[in-house]
Amino acid sequence: MYRLDTRFVIGKDSAMKRAIYMGLFAVLLAPATAAAQAQAPKGLGTEEFGLSPRELVQAIEKTEELIARCMREQGFQYIAADHKTVRAGMSADKNLPGLSEEEFVSRHGFGVSTFYTGLPPQLATGYSPARVGLGERNVQIFRKLSPADQVAYNRALLGDDVSNTLAVALEIEDLSRTGGCTRKALAETFKPDQLKATHYNPQDALINKDPRMKAALGFWQREMKKAGFEYGHPDEIEPDLRNRLSALTEGGKLLVSKMSQDQKAALRKLQDYERLVAARSFKMQEEVLAPVEERIQEELFSRKVQ
């Protein structure tokens, strides 16, 4: 059960404002009218890209087999990861042992720029959902290669941006950043429109059309603007951070150890910005957006959606 604490927007002595905001949340959490309580379209699932859990498992395993075949054709060894391994990589996003998600966001933002080193994921030693999703056997295969062969291996597997493994692409629901054999395999598994940066999860699009979510998002947007952040939706933040990081690091290829002092200063500035915007957005998502989204999901699917 979510607790709606409005202290972050309401003055201590503003009883009238408190009443207004609590009234707003009561409206947002009220059941929709009969006309708005339509069930989700047949076939729409609750996982990434609107897939059902079974469809997502099948898509992962098919993609992994295609990646392995493509890599063999390129002269490299790659062992198709099972769906549990890829899902572990997806679940590793914003997740570190001993930290709640709120604590993670407070310390590390969304983990986009704050953990950047410029190293390929297989050589990462700390937080790395990309490494987890590749599977330990593939990590060991990579680490046994010479530096030159490692570069060629990842170019074949991932293309120009080595941070966008299958697990990362599925978790952020953006397949457009993938390359190499991963992109080729995804093109044979997913629909053409799902490969585009403009693709949006149909379940999320349906939820965003609900008048209650529109009102909640309007509130979120106004409060973010007051804090100095110009975003229309929480989903816009991480792609913006990834684009900023890519521009700063030559597409993720620039090692931190090779950065100039100015580049290092720019990276620190981006990391500070990420922590601030992430903390602000996360708090309001949990307290304002999440309860509304959960209510709409329950109505769409006639059950609680995790």
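Read-outs throughout are calculated quantities, based only on the coordinates presented, and are distinct from any laboratory measurement. Because the structure is a prediction, the values reported are computed rather than measured. Note that each Cβ is placed from the backbone with ideal geometry, even for glycine, and that neighbours are counted across all protein chains shown.
A few comments on the model shown:
- Estimated vicinal HN-Hα couplings, Hz - segment 269-284 in sequence order (Karplus 6.51, -1.76, 1.60; Gly, Pro = x): 4, 5, 5, 5, 4, 4, 4, 5, 5, 5, 4, 5, 5, 4, 4, 6
- Relative intensity, log₁₀ I(q)/I(0), of segment 116-155 from a Debye sum that treats every alpha carbon as a point, q = 0.17, 0.28, 0.31 Å⁻¹: -0.40, -1.04, -1.19
- Karplus-derived HN-Hα couplings along segment 181-198 (A = 6.51, B = -1.76, C = 1.60, θ = phi - 60°), whole Hz, x at Gly and Pro: 5, 5, 5, 4, 5, 4, 5, 8, 10, 9, 6, x, 5, 6, 7, 8, 5, 7
- Amide H contacts for G45 (H built 1.01 Å from N in the peptide plane; partners 5 or more residues away or on another chain; cut-off under 5 Å): L51, S52.
- The lysines within cross-link reach of K196, meaning a Cα-to-Cα straight distance under 21 Å and a gap of 8 or more places when in the same chain, are K62, K184.
- Where trypsin sites (Lys or Arg not before Pro) fall in DSSP loop in segment 251-306, at most 11 other Cβ within 10 Å: R303, K304
- For segment 104-235, the Kirkwood estimate of hydrodynamic radius, built from reciprocal distances between every pair of different alpha carbons, is 17.1 Å.
- Segment 207-248 shape via C-alpha gyration tensor axes, a/c threshold 1.5: oblate
- Note on segment 184-302: with charges restricted to the Cβ of Lys and Arg (+1) and Asp and Glu (-1), its dipole about the Cα centre is near 560 debye.
- Cα-only Debye scattering, segment 230-294: base-10 log of I(q)/I(0) at q = 0.20 Å⁻¹: -0.82
- Shape of segment 62-123 from the C-alpha gyration tensor: prolate (a/c of 1.5 or more and a/b above b/c, with a ≥ b ≥ c the square roots of its eigenvalues).
- Under 21 Å of direct C-alpha separation, and excluding same-chain neighbours fewer than eight residues apart, K94 reaches these lysines: K84, K269, K283.
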